[in-house]
1. In whole Hz, what ³J(HN,Hα) sequence does segment 63-79 give by Karplus (6.51, -1.76, 1.60; θ = phi - 60°), x for Gly and Pro?
2. Based on the Kirkwood radius over alpha-carbon pairs, what is the Stokes-Einstein translational diffusion coefficient of segment 93-159 at 20 °C with 1.002 mPa s viscosity, in µm²/s?
3. Sorted by average packing, counted as other Cβ atoms within 10 angstrom per residue and highest first, what order do 179-185, 13-19, 149-155 take?
4. Tyr95's amide H: which non-local residues (gap 5+, or another chain) put their own amide H closer than 5 Å, with H modeled 1.01 Å from N in plane and none for Pro or chain starts?
5. Can you give me the long-range amide H partners of Ser15? Hydrogens built in the peptide plane at 1.01 Å from N, cutoff under 5 Å, separation of 5 or more residues or another chain.
6. Give me a comma-separated list of calculated 3J(HN,Hα) values for segment 27-42, in order, Karplus coefficients 6.51, -1.76, 1.60 applied at θ = phi - 60°, integers in Hz, x for any Gly or Pro.
7. Calculate what fraction, in whole %, of the accessible area of segment 89-161 sits on carbon and sulfur atoms when a 1.4 Å probe is rolled over the protein chains.
8. Suppose each label sits 7 Å from its Cα in the direction of the beta carbon; what would the His157-Ile126 distance come out to in nanometres?
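The values are calculated or read from the model by the stated rules, or taken from the named source; none is laboratory data. Worth saying up front: this structure is predicted, and the values here are computed from it rather than measured. Counting neighbours? That spans all protein chains shown, and the Cβs are built from the backbone with ideal geometry, glycine included. SASA here: full protein model, heavy atoms, side chains in, ligands and nucleic acids out. Shrake-Rupley method; radii C 1.70, N 1.55, O 1.52, S 1.80 Å.
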Amino acid sequence: MAQNYQGIQDRSAVSYRVFSGIGSTCRTDIVTAASLWNSVGADITFTNSGTSSTRVGRTKSSTTYVEPGPLIPEVPANAAAFTDIDYSSSSGAKYDYDRGLWRFRNFNVIINETMLADGSFYCGPISKVGQGAIPNGKQYLLDVASHEFGHGLGLDHDNAVYPTMMYAPAFSSYAKRYLSERDKTGARNVTSW
């Protein structure tokens, strides 16, 4: 079974800011999520001290924003987050006919604001990985953020068991803190790192 791709990240480096209203422990998990991808050659880094006090919503820019926000109609109501990719030509996106995929530059990660407010996410250290590593029914923000950064790099959902890019509902009460070999291979194939 091969990894699926939704596009190709066309920037050699992705700079991002995290909305300042997201607590410091959760921000640390988001930084760790980026570093997982950096370990396989991505270049995802904070810019301008890494925080933004203004939410941008679906506005696109060359800086990626990680922020709470409402879900859009195309996203399931129980989704923990979504990656909003800008496929417009004005942003530099173009179709790569050789690979049969869009090359895009800009995306934002929107974390379900209701779930963030009601405590549905777990942020912070864990003592083990796997099932039951976090409180029952919660989703580990580090894994959710890592999954969304994977979309921002061009990876689509993976049907294999427990890769970072598996379909999100399987993340409940499960903690990974690492990229599977399938995630790493997929990331290397979709980019030119």
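1. Along segment 63-79, the couplings run 9, 7, 10, 10, 8, x, x, x, 6, 9, x, 6, 9, x, 4, 9, 5 Hz.
2. Reported coefficient: 149 µm²/s.
3. 149-155, 13-19, 179-185
4. Arg103
5. Hits under the 5 Å cutoff: Thr45, Thr64.
6. Listing the rounded values in order: 4, 4, 5, 5, 4, 4, 4, 5, 5, 4, 5, 4, 5, 10, x, 6 Hz.
7. That fraction is 48 percent.
8. Between His157 and Ile126, the simple spin-label model gives 2.0 nm.
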